[in-house]
Amino acid sequence: MILQSFPPMGVYETLFKFADATDSYMGEPGTHPWAQGFPLTTQLPGGPPIPRTITFTADDMKYPKATGNVELCRALAAYFNEFYDAGIDEEHVAVFAGGRPGIFATLAFLQPDTKVVVEETEYTPYYDILERLRRDYSLIPSNETNRFRPSEADYETALGSAASVMLVKSNPCNPTGVATRGDELKRLVEQVTRPGRAALIDEAYEFYCDPQPESALRHIDDIDATDIFVVGAATKGLQVPGARVGWVVAAKKHIEIFRNYSSFGMGGVSRASQLLVTELLELERARHAREAVRSFYSDQRQRYGHALAELGFELHTGDGGFYHWGRLPGELTADQFNRRLFEHNAGILPGPLCDMKRRKGADGPLSRYIRFSFGPLDAESFDANVAILKQCL
Ligand SMILES: Cc1ncc(COP(=O)(O)O)c(C=O)c1O
């Protein structure tokens, strides 16, 4: 084998197991894709329509600009300035083919001696990216003991006095939905603005946050004076995972590095996709979408929260994201639960796949934890979904 070999990211592990057990791909009609992290790609109740066509010219079929087309970078800067008073312009933005490529590029080009700190319970691919890049990383406690809510002191201890350290954090967190907001987020931004400190703040679920969307950019006075990278994507908030458009907002000197990388390693991002996302970001439309996403998914979070609690789950879910995070009732493990769910064409993401130490087996700390996704579920499927959960417990 000429290539180094490695397994797929954890969510795919579950999707393959599901496919083996059911002969279908999770997400196809007739399946209940509770393991998957995609949102509805249809118009939400009270929300703006999602365009079904885009118009482009011969010019749009030329190579894209390495860091993203100026129209999209401008639309993103205008968006963050409007909603968070970010004080940025188009040169603070780099466009990638989704959120993950932006995360990957940031971590790939870190200085070799920069230490990474990451919460113990986090977004599955962080583990794969850090392992594949052979980065040295240490964990911030996020477990049953602190209800998956690390404190300011926990961050401070982890950041410590290393000469160069980067915090990697999803906010709201996938899988827990715990959101760091307001003054707490302001203090976190201050903590990572000190000399020698950096942060990658992954805001893929920015719109999915009660009582309102939130961004670290609200608390950054001069991004050029920081080593903070705010990552986002059209994937969740704008409801177009298939467009494959994500971005990193950072100091201009960092965006230049992404430009240089794109010039040899990426070649830019599909101009057709960028046209679509530019249209979706038109400010009044974005305002409308933010409210519709927040409102629909907050209702769904509440409904499923009540139902799961009634079924005996011990939930630790925060106010953000589109997942419930909790412990199964009794002694059942998440893997055993999935085997039962597969018989109903349903499946959840087992907790150990969100453990940044990947402690597997029934004795692992997250073996009885599940991430239940209500992202892809329309409101009408609620009763049928709860009936399956009930039957499998
Ligand atoms: C925390 C988090 N960050 C980033 C992403 C980026 O997604 P994509 O690469 O599909 O745009 C996701 C999607 O699941 C996510 O959950």
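Laboratory data are not the source of any read-out in this text; all were calculated from the coordinates shown. All values derive from a computational prediction rather than experimental measurement. Quick reminder, even Gly has a Cβ in these numbers, built from the backbone with ideal geometry, and neighbours come from all protein chains shown.
Taking segment 63-103, which residues are within 16 Å of the ligand (Cβ to nearest atom) and either out of contact with any Ser or Thr (no Cβ under 7 Å at 6 or more places or on another chain) or hydrophobic (A, V, I, L, M, F, W, C) (or both)? Reasoning before the result, please.
Going residue by residue through segment 63-103, those that are within 16 Å of the ligand (Cβ to nearest atom) are 68, 72, 76, 93-103.
Those that are within 16 Å of the ligand (Cβ to nearest atom) and either out of contact with any Ser or Thr (no Cβ under 7 Å at 6 or more places or on another chain) or hydrophobic (A, V, I, L, M, F, W, C) (or both): G68, L72, L76, V93, A94, V95, F96, A97, R100, P101, G102, I103.
Going by the structure shown, is R244 away from the ligand (no atom under 13 Å from the Cβ) and surrounded by fewer than 24 Cβ atoms within 10 Å (Cβ to Cβ)?
Values: away from the ligand (no atom under 13 Å from the Cβ): no; surrounded by fewer than 24 Cβ atoms within 10 Å (Cβ to Cβ): yes.
Here the answer is no, as R244 does not meet what is asked.
In the list L130, L167, L188, which residue meets the criterion of being touching a helix residue (DSSP H, G or I) at 6+ places or on another chain (Cβ under 9 Å), within 16 Å of the ligand (Cβ to nearest atom), among the hydrophobic types (A, V, I, L, M, F, W, C) and closer than 30 Å to Y297 by Cα? If you could, list the steps in order and put the result at the bottom.
On the way: L130 fails: closer than 30 Å to Y297 by Cα; L188 fails: within 16 Å of the ligand (Cβ to nearest atom).
Going through L130, L167, L188 in turn, just one is touching a helix residue (DSSP H, G or I) at 6+ places or on another chain (Cβ under 9 Å), within 16 Å of the ligand (Cβ to nearest atom), among the hydrophobic types (A, V, I, L, M, F, W, C) and closer than 30 Å to Y297 by Cα: L167.
Of the numbered criteria (1) touching a helix residue (DSSP H, G or I) at 6+ places or on another chain (Cβ under 8 Å); (2) within 16 Å of the ligand (Cβ to nearest atom), the one A251 fails is (2). If you go through segment 370-389 one residue at a time, do you hit one that is surrounded by fewer than 17 Cβ atoms within 10 Å (Cβ to Cβ) and of a type in the set (F, W, Y)? Checked segment 370-389: at least one residue is surrounded by fewer than 17 Cβ atoms within 10 Å (Cβ to Cβ) and of a type in the set (F, W, Y). Among the residues of segment 1-35, those identified as under 26 Å from A379 (Cα atoms) and either in contact with a strand residue (DSSP E or B) (Cβ under 6 Å, 6 or more places away or on another chain) or β-branched (V, I, T) (or both) are V11, T14, L15, F18, T22, T31, H32, P33, W34, A35.
Of the residues that make up segment 149-158, is at least one within 20 Å of H316 (Cα to Cα) and of a type in the set (A, V, I, L, M, F, W, C)? No: segment 149-158 contains no residue that is within 20 Å of H316 (Cα to Cα) and of a type in the set (A, V, I, L, M, F, W, C).
Examine segment 154-161 for a residue that is touching a residue at least 40 places away in the same chain (Cβ under 8 Å) and crowded, with 19+ Cβ neighbours inside 10 Å, and state whether such a residue exists. Scanning segment 154-161 turns up at least one residue that is touching a residue at least 40 places away in the same chain (Cβ under 8 Å) and crowded, with 19+ Cβ neighbours inside 10 Å. Counting the residues of segment 10-39 that are in a loop (DSSP other than H, G, I, E, B) and either surrounded by 20 or more Cβ atoms within 10 Å (Cβ to Cβ) or touching a Ser or Thr at 6+ places or on another chain (Cβ under 9 Å) (or both) gives 11.
T114: within 20 Å of the chain's Cα centre (by Cα) and of a type in the set (V, I, T), yes or no? No. Looking only at segment 191-214, residues that are within 14 Å of the ligand (Cβ to nearest atom) and surrounded by fewer than 20 Cβ atoms within 10 Å (Cβ to Cβ) come to 0 in all. The single residue among T57, T121, T106 that is within 16 Å of the ligand (Cβ to nearest atom) and either farther than 24 Å from V189 by Cα or in contact with an Asp or Glu (Cβ under 7 Å, 6 or more places away or on another chain) (or both) turns out to be T121.
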